[in-house]
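One structure is given here, and the rest of the page talks about it.
The values are calculated or read from the model by the stated rules, or taken from the named source; none is laboratory data. Please read all numbers here as calculations on a predicted model, not as lab measurements. Counting neighbours? That spans all protein chains shown, and the Cβs are built from the backbone with ideal geometry, glycine included. With ligands, DNA and RNA removed, areas are computed over all heavy atoms of the protein, side chains included. Shrake-Rupley method; radii C 1.70, N 1.55, O 1.52, S 1.80 Å.
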Amino acid sequence: MNIFDFITQEELEDLPDDPHLAFTTFVGHAQRRLSERASELDGGSDQETYYHLEEARHGFMNVVIAAAKRYKVEPFASMDVPTYKQFDHETHRQFKADLDHYMTQLLLNNVVRERSNSVPLTLKAKDRIRGHIHGLKTCLDNADLPDAKRAVLIKKLSEFEAELDRKRLSLLAVTRITLEILALPGGVWASGEIVAKLTNNVLQEVAEAKAADDEARQLPPTRKPMQLSAPRREVPATNYDDLDDDIPF
């Protein structure tokens, strides 16, 4: 199996920019496709079925290690993909167990980071932001823009509005839509002052909610992400030559 058996082109294009978040998302897609392939082969007992299952498992290990190399996620980035001759069911089981151990840590780290980069909004705040978005759409309708450009921006505003339905609003989503609007030349607007005011109102609502959330959570100073821990502690090898010196005969 190759990469497109584990993830579609659309899913690849939608991977997050953050390396750890992208890696966990990638692995999630790959694990689901491997499970689907295993289900398809379930019940077969002949040599060909076993061959296809091992091929799928080897392909899974191959693409996960390749993704780890791209995103610099250790320890998988430093691993070598075993040859088919070196690969067997036990190799897959151990790799899957170790991957699950690290994925748990990565996912928990992602949750903590995402909470720091997002904000909960009250219903009133969401309604006020929706009002500002409606005002911006009206400004776009009256703006001196090509129809295609206008349609793209209105679509992005609608997508941003849909983000308000989430439990926490991504600060990245706020930044993106703000930059999209403010990047347009002032001359395209019927009233640039109204656009600036509406945009600032959105930012003000989010900033106030973020300040209140940080205070309520009493966040500690920003620290480096926790280092991932191995699933097993390395046991130092015993030096039997040294033991010989202690034997009284």
| Within the stretch 1-15, can you find the residues that are in contact with a Phe, Trp or Tyr (Cβ under 8 Å, 6 or more places away or on another chain) and in a loop (DSSP other than H, G, I, E, B)? | MET1, ILE7, LEU15
| said: I'd like to verify a number: residues in the stretch 92-149 that are among the hydroxyl-bearing types (Ser, Thr, Tyr) and either in contact with a Phe, Trp or Tyr (Cβ under 7 Å, 6 or more places away or on another chain) or farther than 18 Å from ILE177 by Cβ (or both), how many? | reply: 4
| said: So, LEU157, is that one touching a strand residue (DSSP E or B) at 6+ places or on another chain (Cβ under 8 Å) and among the aliphatic types (A, V, I, L, M) or not? | reply: no
| task | Evaluate the stretch 16-30: report whether one residue or more is more than 22 Å from ASN117 (Cβ to Cβ), in a helix (DSSP H, G or I) and open to solvent by 40 Å² or more (accessible area, probe 1.4 Å). | result | no
| Mind checking which residues of the stretch 31-73 are surrounded by 12 or more Cβ atoms within 10 Å (Cβ to Cβ) and part of a loop (DSSP other than H, G, I, E, B)? | GLY44, LYS72, VAL73
| message | Checking THR83 against (1) open to solvent by 50 Å² or more (accessible area, probe 1.4 Å); (2) in contact with a helix residue (DSSP H, G or I) (Cβ under 6 Å, 6 or more places away or on another chain); (3) outside any helix (DSSP H, G or I); (4) modelled with pLDDT of 90 or more, only one condition comes out false. Which one? | response | (2)
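For every residue, the table says whether it meets (1) open to solvent by 80 Å² or more (accessible area, probe 1.4 Å); (2) at pLDDT 70 or above.
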| site | (1), (2) |
| --- | --- |
| LEU182 | yes, yes |
| LEU198 | no, yes |
| ASP213 | no, yes |
| PRO248 | yes, no |
| query | Among GLU55, GLU114, which is the only one that is over 26 Å from the mean Cα position of the chain (by Cα), of a type in the set (Asp, Glu) and closer than 30 Å to PRO19 by Cβ? | reply | GLU55
| Based on what the data block shows, is GLN47 under 30 Å from ALA173 (Cα atoms) and polar (S, T, N, Q)? | no
| request: State all residues of the stretch 168-190 that are assigned to a loop (DSSP other than H, G, I, E, B) and within 19 Å of PRO16 (Cα to Cα); if no residue qualifies, say none. | output: ARG168
| task | Considering every residue within the stretch 118-128, establish whether at least one is open to solvent by 60 Å² or more (accessible area, probe 1.4 Å), closer than 30 Å to VAL195 by Cβ and outside any helix (DSSP H, G or I). | result | yes
| query | Within the stretch 86-117, can you find the residues that are open to solvent by less than 60 Å² (accessible area, probe 1.4 Å) and assigned to a loop (DSSP other than H, G, I, E, B)? | reply | PHE87
| request: Consider only pairs whose beta carbons are under 6 Å apart and that are at least six residues apart or on different chains; among these, list those whose first residue lies in the stretch 44-68 and is among the hydrophobic types (A, V, I, L, M, F, W, C) and whose second residue is in a loop (DSSP other than H, G, I, E, B). | output: ALA56/MET1; ILE65/MET79; ILE65/VAL81
